[in-house]
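The values are calculated or read from the model by the stated rules, or taken from the named source; none is laboratory data. A quick note: this is a predicted structure, and the numbers were derived from the prediction, not measured. Cβ: placed from backbone, ideal geometry, glycine included. Neighbour counts: every protein chain shown. For the accessible areas, the whole protein counts, side chains as well, though only heavy atoms, and no ligand, DNA or RNA atoms are used. Shrake-Rupley method; radii C 1.70, N 1.55, O 1.52, S 1.80 Å.
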Amino acid sequence: MTGEWTTALRQAVEPGDRIAVMGIGHELCGDDAVGSLVVRALTPLLRVSSRALLIDAGNAPENHTGAIRAFKPDLVLLIDAAFMNVPPGTIRWLLPDQITGSGHHLPLSVLAAYLTAELGCRVALIGVQPASTAMDAPISPAVMRASAAIVEALQPVLLPPRD
């Protein structure tokens, strides 16, 4: 479940970057919880990293811009379910101009533009195609595998280099 998105991730991160990872989604709406799943899985692994900020933003990511501003990231990674008309569990790297529609209060394209303009940081979305975002639906096996793949790919990017 790797490919173009992992290459884009590695290319987007520059040495010494401070990276904010914002997991977005509604935990009661099936696969929409993928962003929160990723951040929750990363949290115990990254307690020692001063280069990474992890935010479980739920379904209102705009409410967490203050924490991102205080952290002063070079790169903000948004992780969210994204309807891309591909098989469930497909992961894609999307730049702000590729982010369309959003089921959130504030469209992610607007949030990305705000963060870029206000903080001068780079912003990208790691989107995962959901199988179902229905209320009380379980997280699909395909999206569970995708979330694990994202966690695995982000660990070496977010952990401080070892001497």
- Task: Restrict the check to region 67-80 and report whether at least one residue is closer than 16 Å to Ile24 by Cα, of a type in the set (Lys, Arg) and surrounded by fewer than 19 Cβ atoms within 10 Å (Cβ to Cβ).
- Result: no
- Item | Some residue of region 150-161 being touching a Gly at 6+ places or on another chain (Cβ under 9 Å) and within 14 Å of Arg18 (Cα to Cα) | no
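I need the full set of residues from region 1-33 which are among the small types (Gly, Ala, Ser) and open to solvent by 50 Å² or more (accessible area, probe 1.4 Å), in order please.
At the first step, the residues of region 1-33 found to be among the small types (Gly, Ala, Ser) are 3, 8, 12, 16, 20, 23, 25, 30, 33.
Across region 1-33, the qualifying residue is only Gly16.
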- What are the residue pairs meeting all of these: first residue in region 72-100, first residue touching a residue at least 40 places away in the same chain (Cβ under 8 Å) and aliphatic (A, V, I, L, M), second residue assigned to a strand (DSSP E or B) and open to solvent by 40 Å² or more (accessible area, probe 1.4 Å), Cβ atoms under 8 Å, and 6 or more apart or on different chains? Leu75/Arg122; Val76/Arg122; Ala82/Arg92; Met84/Arg92; Val86/Arg92
- Query: Do we have Gly58 as open to solvent by less than 50 Å² (accessible area, probe 1.4 Å), in contact with an Asp or Glu (Cβ under 9 Å, 6 or more places away or on another chain) and either at pLDDT below 95 or hydroxyl-bearing (Ser, Thr, Tyr) (or both) here?
  - Reply: yes
- Considering only region 85-115, state which residues are at pLDDT below 90, under 20 Å from Thr6 (Cβ atoms), open to solvent by 30 Å² or more (accessible area, probe 1.4 Å) and part of a loop (DSSP other than H, G, I, E, B). Leu95
- Message: Looking only at region 139-152, count every residue that is more than 14 Å from Ser36 (Cα to Cα) and in a loop (DSSP other than H, G, I, E, B) and tell me the total.
- Response: 1
- Within region 34-50, considering residues that are out of contact with any strand residue (DSSP E or B) (no Cβ under 6 Å at 6 or more places or on another chain) and more than 13 Å from Ala146 (Cβ to Cβ), the one least open to solvent (accessible area, probe 1.4 Å): Ser49
